[in-house]
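The values are calculated or read from the model by the stated rules, or taken from the named source; none is laboratory data. None of these values were measured; they are calculated from a predicted model. Glycine gets a Cβ as well: all are built from the backbone with ideal geometry, and neighbour counts include every protein chain shown. The accessibility values were calculated without ligands, DNA or RNA, using every heavy atom of the protein model including side chains. Shrake-Rupley method; radii C 1.70, N 1.55, O 1.52, S 1.80 Å.
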Amino acid sequence: MTPEQRRLRAQLAANTRWSRPMSREDQADAARAAIHRRLERQVDPLRQLPPDERDRRIRSAARALSAELNLARARKQKRSHRL
């Protein structure tokens with residue numbers, strides 16, 4: 001897929017998402033809940049950890065995900081500045 005095709009695909013997905021009759025706040029809440037569920041499955045797939053330990057690990061996984069996204073954004077910005 002070319003960069004232009006990726007851009008158009010992302011634009012279509014974003015416009016479709018924001019066209020739904022759900023408020024932006026509700027969509028953000030739904031996205032946060034989905035990320036939380038994904039991280040929960042990642043850190044405790046068998047649901048064997050005590051709730052406080054699971055929550056601690058989810059917070060750590062969320063910080064790691066945030067750092068990973070920030071790193072990817074920084075790399076992308078660096079590449080775009082070189083062009």
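Just checking, does the range 2-24 include any residue being over 14 Å from the mean Cα position of the chain (by Cα), of a type in the set (Gly, Ala, Ser) and not in a helix (DSSP H, G or I)? Yes; the residues of the range 2-24 include at least one that is over 14 Å from the mean Cα position of the chain (by Cα), of a type in the set (Gly, Ala, Ser) and not in a helix (DSSP H, G or I). A single member of Ala33, Ala62, Ala74, Ala28 is open to solvent by less than 60 Å² (accessible area, probe 1.4 Å) and touching a helix residue (DSSP H, G or I) at 6+ places or on another chain (Cβ under 8 Å), and it is Ala62. The set of residues in the range 40-57 being open to solvent by less than 70 Å² (accessible area, probe 1.4 Å), in a helix (DSSP H, G or I) and in contact with a helix residue (DSSP H, G or I) (Cβ under 7 Å, 6 or more places away or on another chain) consists of Glu40, Val43, Arg54.
Scan the range 1-35 for residues that are without any contact (Cβ under 8 Å) to a residue 24 or more places away in the chain and under 21 Å from Leu65 (Cβ atoms) and jot them down. So that I can check it myself, show each step before the final result.
In the first step, residues of the range 1-35 are kept if they are without any contact (Cβ under 8 Å) to a residue 24 or more places away in the chain; the result is 1-34.
Across the range 1-35, the qualifying residues are Ala10, Ala13, Ala14, Arg17, Gln27, Ala28, Asp29, Ala30, Ala31, Arg32, Ala33, Ala34.
Contact map, the range 58-77: first residue more than 30 Å from Gln48 (Cβ to Cβ) and assigned to a helix (DSSP H, G or I), second residue acidic (Asp, Glu) and open to solvent by 100 Å² or more (accessible area, probe 1.4 Å), Cβ cut-off under 6 Å, separation 6 or more or different chains; the map is empty. If the condition is being under 22 Å from Arg17 (Cβ atoms) and of a type in the set (Val, Ile, Thr), then the range 29-83 contributes only Ile35.
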